[in-house]
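Participant: Encoded as C-alpha cells, here's the structure I'll be asking about.
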Amino acid sequence: MREWEDPKTFAVNKRLPHANRIFFLDHKTLNDYNYQSLNGEWDFKYLPNHNTYQQEFYRQNFSSSDWDQITVPSNWQLEGYDKPHYTNVNYPFPVDPPKVPSENPAGLYRRKFYLNSELEAEQNLIRFEGVDSAFYLWLNGEYVGYSQGSRLAAEFDLSEYLNYGGENILAVKVIKWSDGSYLEDQDMWWLSGIFRDVYLYSQSFFQIEDFKIESEFKRNEELGVLNCQFQVLSYQEYIPEGTKIEINLYDLGLKLVEEKIELSEIKKQRLNNFKTDLEITEPKAWSAENPYLYQLEVKLQDSQGEEIQTIRQKVAFRTVEIKDAQLLVNGKPVMIRGVNRHDFDPELGRAVTKEQMEEDVLLMKKHNINAVRTAHYPNHPYFYELCDKYGLYVMAETDIECHGLEPVGRWDELADSEDWRAAFLDRMERMVEHYKNHPSIIIWSLGNESGFGDNHRSMAQLCRRLDPTRPIHYEGDQKQEVVDIIGPMYPTIEKTAELAQRKEKPVILCEYAHAMGNGPGELKEYWDVFYKYPSAQGGFIWDWLDQGIAVKNSAGETCYTYGGDFGNIPNDKNFNINGLVFPDRSPSPGLTEYKYVMAPFKITDFNFKDAKVKIENQFDFIDSSYFRLEWEVKTAGLVIESGSQNFELKAGAEKEFKVEELNLSDLERIIEEKAREIEVNLPAESYLNFRIVLASNQSWAAAGHEITFKQFKLPFIFDRLYHPEQSQLENKELFLKESDQYLKIAGSNFSIYFDKGNGQISDYFYRGKSLLEKGPKLSFWRAPIDNDNTDITYNYTNEWKAVGINQLVQRLDEMKVVESEHNFVLIKMYYTIAPAAKDLIIKSEMEYRIYNNGEIKLTTSGEFADQKAHSIPRISLELELNQQLDKIRWFGRGPGESYPDTKRAAYIDLFTKKIEELHTPYVYPQDNGNRSDTKWLELKNRVGAGLEFYNSKAFDFTAHYYSKDDLELAEHDCELPQRDKIYLELIHKNRGVGSTSCGPKRLDKYELELKDFKFQLKFKGIDY
C-alpha cells in the first residue's frame, strides 16, 4: 500500500491527540514519566529512491554495521545527504496531487535502546515531535505504524513490542515526499528527516488520557475560576469505583486550593469524563506583560490513595474574547507587537535547540515584541512553554499551506476536496489538542495561503467545538466567513486604516513590513494607524529570522546561502532572507527600529519652561513601577548633567513629570562653561536625552535595560560650527601651478591636485600625508536594496535602469580658475552627465573655494535638462580615501544605520567606530551602513592625520572598503572584497527604504524626485 500517496491515510496506529504532559521546563515531570531521550547518534542509510530498496532493514538480525551515523534530531540535507531546496510558492515537484515523484529519496534509521524490566507493568510510549515528511516505524522487527504531518507530534504505543530488561531495535523509514508535502509548502527550505526530539515515556494503563484547563473571571475579576476537565481511561482492566483525582493549585509553593473528584467505575477502553472548578480570590491574571503562572498538580489515585499518575501543568488566569470589534485579553484591548517566526537554525536547519528557542524569546522580549505567529506550522512544544513563562502572546498556526497550487490556477482545489478533508481536520485537531492548555496561545490559525473552501469551514467548526474560548484567524478567508479577525497580508497603510474604520472585527495584520534586506521602513506610519483606530490592533512583521544556511568558503569564512545556491530549480533566490535578525541571531537594524517605533512607552513632549516631560504608558496592563526615567544633557557628545528618577503612570495614562535636579535657569551657563572642554571642530549642539529603563532585574532582561528613548534639542545659542570662513591663516599665500594634466593649489601645509581630464581631485596632501585619492564625483545611484529590486509589487531598480541612472557618465565641459587671491582660490567645473544610448541629461556645476589653511568649501548644483522631476535613489558625492584613515568619528545620528524612514532607533551624538564596523552584513549584498543627519565627520589614521567634513546643514554618509560596483556584483556578504582604499559617500538626499519587496509601494514622502539641486559641504586635512 502506498500510504504516502493516499490523502486519506496519514496515520496508522498513531495515538489520538491529547494535551502535552511532558514539560521540558519541569524536571520532576520528566522523572515521573520515566522520560528517556532517544536523541543522539543513530545508524543511517540514505536512499536516493526508496522505491528501489527492497531489504528488510527493520529486522532484528539485520546488520547496519556498514551504515553511516547521523545525529537525531537533524535534517539529512545538512548532514551531507541530498541538497537543501528553497521555494517560496512553487512546489519543487510536478503538481499532481496526491502523486509525488517516483524518484523519492528516503532515510533509514536504526538504533538500540534498553528499557528497565520494571516498566513492563506500564504503558510505554514513543513520541516523535517532528519528522519530515512521512515515516514508518518498526520495533524489534514488528511494524508499529505510520505518520504524516511533519510539524505535529506523532505518538505510538510500544508496550506490546518491547523487550523489557533487554535490547530493543528501533527502525524508522522517513520518506522525503508524500501527499502531505502538498500541505507543507511554507516558504522555507525543503528539509527532511527526524528533526525534533524523539523520546520514550511511560504511564499507568489506568490513566488520565486527556485534560483541559480553561479559566474565567467572576465578580469583576475578584474571583478566578479554573474549569478542569479530565478524560480517564483504562487500557487493560475494569477499575471499580473508589479511585480519585486529587487536584492542587499552588502559588510559589503555597497550596491555594485542593479538590478531589471521586470516580465511578471505569470500564476497559471507555473514556470517562470528569470535571470540577477551582476558585481563588484576587487571582493574578496572566498577560504578556505580567506572565503570572500557577502550578497545577493533578494526581490520579487508586482506591487505597496510592498515586498512579501525576500531571504537573503550569496554568494561568487569562481570558480571550472579541467585543466591539476589538480583541480583548482579560477584558482589555491589547496591542499586538508581533513577529512571524520559523523554527530555523543556520547550522541545524529546523533542528532548533532549546537554548536557541530561549534565545529567540529573550531577544524578542528585549526588543518590545509581545506576540508571535508560529508561521506556518506548530513550533516545538518547548517554545510554547517559554512563551508561557516569559510572556508572549501566540497565534498558533497549524501545519497547512498549499501555496504551490496558486500558480497553476488551482488554489482552492485541496481546500474544497472531500478526499483531503480528513487530513485538513487532523492537522487542526492535533494542534489544538496538543497545545490547548497553554495560556500564551490566544488565537488559533487555520494555516496559511491554501485558498479557501469547505475544508476550512469544517476546520473552523472543529476548532470551536474543541476550544470555544479562543478566536480563529485565517488570512485566506478574506470575506471573514468563518474567522473572527480581519488578518490581511501587506495592506497599505491607507487600507489598514480603512479596514479599522469599518469597526466590524479586530484588524490584526498577520504579515506586514516585509523585513527583507535593508528595511523595513515606514513602520511609524503603520503604528500611527494602530493607535489612531481602536479596531487596529497591531500585527506580525514578516519575519523573525533570515533563513540562511551556513557553509564555509575556501577561505574558511562562514557564508549564508539561500535559494539556488545548491543548484536546485525552481527556487526563489534570497526571498527567505527576510528576517529581523541575521542567521546568527544578531539583530538587524530593522529589529532595532521596530523596537523603538512600537515601544510601549512614548515620551511625547518636553516643557522647557517648567522642566516637565510628558510620558504616555501604552502598556495594556502594567504600570510604571517596573521602570525608571533617566536623563542627561549632552553638548557635542559631552555629558553636562544627568539624573534618574521614578515615575508613577498607570497603563493607558499620559502625564507630565517634573524632571528632578534639572535646573534650566542655570543650564545655559553650565553648558557654556563645560563646553570649553569640547574639541573646537565639533558642532556645539545641546540635547536633552531621556531613557526609560528597567528599574530592577526581570526574568528576560537585567536592570538598566532600555525600553525607549527620546531626544529634545535645547534652544541655546551653541548651535554653530567652529569653522568660520575667517579661519584662513595670516600672511600665508596660496600657490597655483598648472600642467597639461593637473592643476595644483598649494599652501604652507597642504597641496591639492585636480585632474584636468575629469575635474576631480586626484590627490590631497596635508602635512605631507596623502589623504584623498579621488573625487568628489557626483552620483545619483545606490546599490539596489531588496526593497528597490522586486517584481512582486514594483521594481524601482528597473525603472531607474530603464532611464540609465545606474550608467551615468560625466563629461567635463569646462574647468576654470575664476578667482585667485593670496588667501583663497575659486575654481569651477562644469559637467554634462548622461547615460549611453539614452536622452537623460543633467547639467551640473561644482565650485571649489580653497582657503590657505587647506579648507575647501564645495558647492554642488545642477538640473535635469528637461526641467522635469526625476525619480532617483540618492544624490551624493563619491570619494576614495587612503585606506589607513580607518578610525571614523561623526556627530549625527547613530550608532547604527538609518535612512529617511528608519530613524527612530538612531539619535544625535558623537560616535566613534572603525570603518569595518559601519558595514551591515545583509546576506544578499546591498546598500547599507548609511548614517543620517550628520554635521561633522572625521576619518583619521592611527597617528591622528586625516580629513574632516562638516556643514551647518546635515548630510548622510557611508564609508566602506568596497565600492557600489562590488556590492552589485557580489551575491553573498562573504564575497565582498576589502579594497586598498576607503569609499566614502557624502549624501545630500536619500530615498527611503520601505518594504516593497513584498509590500506596498513606498510612501510619497519617502520618494526622491527632483529636477534641480544645490548643496554645500566643507572639508580639510587634519593632523592632531
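Participant: Are there GluC sites (Glu not before Pro) in region 804-865 that DSSP puts in a loop and that have at most 14 other Cβ atoms within 10 Å, and which ones?
Facilitator: Answer by residue number: Glu821.
Participant: Classify region 1-130 as rounded, prolate or oblate from the Cα gyration tensor: take a ≥ b ≥ c as the square roots of its eigenvalues, call it rounded if a/c is under 1.5, otherwise prolate when a/b beats b/c and oblate if not.
Facilitator: The shape class here is prolate.
Participant: Residue separation times 0.36 nm, minus the C-alpha to C-alpha distance between Val95 and Asp454: what's the value?
Facilitator: 127.1 nm
Participant: Once the convex hull of the C-alpha atoms of region 99-258 is built, how many Å³ does it hold per residue, rounded to a whole number?
Facilitator: 212
Participant: Now a separate question. What residue among Thr592, Ile336, Ser450 has its Cα farthest toward the positive end of the dipole of the chain, where the charges are +1 on Lys, Arg and -1 on Asp, Glu, each on the Cβ?
Facilitator: Thr592
Participant: What net charge is computed for the residues neighbouring Val597, neighbours being all others with C-beta under 9 Å from the C-beta of Val597, Lys and Arg scored +1, Asp and Glu -1?
Facilitator: That works out to +2.
Participant: If you take all C-alpha pairs in region 155-209, what percent of them are over 17 Å apart?
Facilitator: 59
Participant: According to the square roots a ≥ b ≥ c of the eigenvalues of the Cα gyration tensor, what is the shape class of region 495-577, taking rounded for a/c under 1.5, prolate for a/b larger than b/c otherwise, and oblate for the remainder?
Facilitator: Because a/c hits 1.5 or more and a/b exceeds b/c, region 495-577 counts as prolate.
Participant: Here's something else I'd like to know. Please list, short to long, the whole-number percent of alpha-carbon pairs of the chain in consecutive 20 angstrom bins beginning at zero.
Facilitator: Cα pair-distance distribution for the chain, in percent: 12, 37, 32, 15, 4, 0.
Participant: Which FRET efficiency value, to the nearest 0.05, is calculated for Glu142 and Phe113 with the Förster distance at 22 angstrom and r the Cβ-Cβ distance?
Facilitator: 0.90
Participant: Further, regarding this structure: Do the alpha carbons of any pairs in Lys28/Lys176; Lys838/Lys953; Lys634/Lys1001; Lys913/Lys964; Lys595/Lys674; Lys573/Lys774 sit beyond 28 Å of each other, and which pairs?
Facilitator: Listed pairs above 28 Å: Lys28/Lys176; Lys838/Lys953; Lys634/Lys1001; Lys595/Lys674; Lys573/Lys774.
Participant: Amide H of Leu682: which non-local residues (sequence gap of 5 or more, or other chain) have their own amide H closer than 5 Å, using H built in the peptide plane?
Facilitator: Tyr722
Participant: What spacing in nm lies between the two simple spin-label points modelled at Lys655 and Phe735, each 7 Å away from Cα in the Cβ direction?
Facilitator: Here the answer is 7.2 nm between the modelled labels.
Participant: Here's another thing I want to ask about it. With a cut-off of 8 Å between alpha carbons and a minimum separation of six or more residues, what is the relative contact order of the chain in percent?
Facilitator: Value for the chain: 8 percent.
Participant: Can I ask one more? Counting other Cβ atoms within 10 Å of each Cβ, which trypsin sites (Lys or Arg not before Pro) in region 370-432 have at most 13 and sit in a DSSP loop?
Facilitator: none
Participant: Sticking with this one: Shape call for region 949-1001 from the C-alpha gyration tensor, a ≥ b ≥ c root eigenvalues: rounded (a/c under 1.5), prolate (a/b greater than b/c) or oblate?
Facilitator: oblate
Participant: Roughly how big is region 599-713's charge dipole about its Cα centre, with Cβ charges of +1 (Lys, Arg) and -1 (Asp, Glu), in debye to the nearest 20?
Facilitator: Dipole magnitude for region 599-713 comes out near 200 debye.
Participant: Quickly work out the Glu504-to-Val408 label distance, labels modelled 7 Å from Cα along the C-beta direction, and quote it in nm with one decimal.
Facilitator: Output for this residue pair reads 3.3 nm.
Participant: Right, next: In nanometres, what is the gap between the two model label sites at Ser37 and Arg464, each 7 Å from Cα along Cα-to-Cβ?
Facilitator: My value for the distance between the label points is 4.3 nm.
Participant: Can you list which of the GluC sites (Glu not before Pro) found in region 277-320 are DSSP loop residues with at most 10 other C-beta atoms within 10 Å?
Facilitator: Sites meeting the loop and neighbour criteria: Glu306.
Participant: Let me ask another. For Glu167 and Asn13 in the same chain, what is the full-extension length gain: residue separation times 0.36 nm, less their Cα-Cα distance, in nm?
Facilitator: 53.1 nm
Participant: Quote the FRET efficiency, to the nearest 0.05, computed for Ser861 versus Lys887 with a Förster distance R0 of 45 Å and r equal to the Cβ-Cβ distance.
Facilitator: 0.90
Participant: Around Lys940, with a cut-off of 14 angstrom between Cβ atoms, what is the net charge of the other residues, counting Lys and Arg +1 and Asp and Glu -1?
Facilitator: Summing Lys and Arg as +1 and Asp and Glu as -1 gives +3.
Participant: Between Glu237 and Phe62, take the C-beta separation as r, use R0 = 45 Å, and let me know the FRET efficiency to the nearest 0.05.
Facilitator: FRET efficiency, Glu237 to Phe62: 0.80.
Participant: Step through the residues of region 620-627 one at a time and calculate ³J(HN,Hα) from phi using the Karplus curve (6.51 cos²θ - 1.76 cosθ + 1.60, θ = phi - 60°), rounding each to whole Hz and writing x for Gly and Pro.
Facilitator: Result, rounded to whole Hz: 8, 10, 8, 8, 8, 5, 7, 10.
Participant: Contour minus end-to-end for Asp755 and Asn663, with contour as 0.36 nm per residue of separation and end-to-end as the Cα-Cα distance?
Facilitator: Contour length minus Cα-Cα distance gives 27.5 nm.
Participant: Pop out the ³J(HN,Hα) list for region 16-27 in order, Karplus 6.51 cos²θ - 1.76 cosθ + 1.60 with θ = phi - 60°, rounded to Hz; leave Gly and Pro as x.
Facilitator: Rounded to whole hertz, the list is 5, x, 7, 4, 4, 10, 9, 10, 6, 7, 10, 5.
The numbers here are math on the coordinates, done by the rules we state, and not lab data. If you're wondering where the values come from, they're calculated on a predicted model, not measured in any experiment. FYI the Cβ positions are ideal-geometry reconstructions off the backbone, even for glycines, and counts take in every protein chain you see.
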